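These notes are about the structure you will find just below.
Derivation of every value follows stated rules applied to the coordinates shown; laboratory data play no part. Only a predicted model underlies this, so the values are computations on that prediction, with no experimental measurement involved. With ideal geometry, Cβ positions are generated from the backbone for all residues, glycine too; neighbour counts draw on all protein chains shown.
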């Protein structure tokens, strides 16, 4: 990141794409919204934890978007299918190949 993050205007822009979700323990966790990916008529969000664990440095979280009874809200649920996760991540990597430095762990 650049030194501009100390500039209050720049920080305000960064906060525009921060979302807060509750984890399995009910604790609030902040994520940076990176992208919305469509795959097979479903939508998935790609999120980056704001306070990263040292073990999971740079790892994104992919969640499926589901509608709720309230049309102004949506729910994010974890994706269990590895193939779906890989497909969504490949689309994300292709879209942002010039903006992020992806590291293959294979």
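Just so you know, the Rg over Rh for the range 57-106 is 1.06, from Cα atoms, with Rh as the Kirkwood radius.
Ordering 25-38, 63-76 by mean Cβ neighbour count within 10 Å, with the highest value first, yields 25-38, 63-76.
Of the peptides 41-51, 80-90, the order by per-residue mean of other Cβ atoms within 10 Å, starting with the highest, comes out as 41-51, 80-90.
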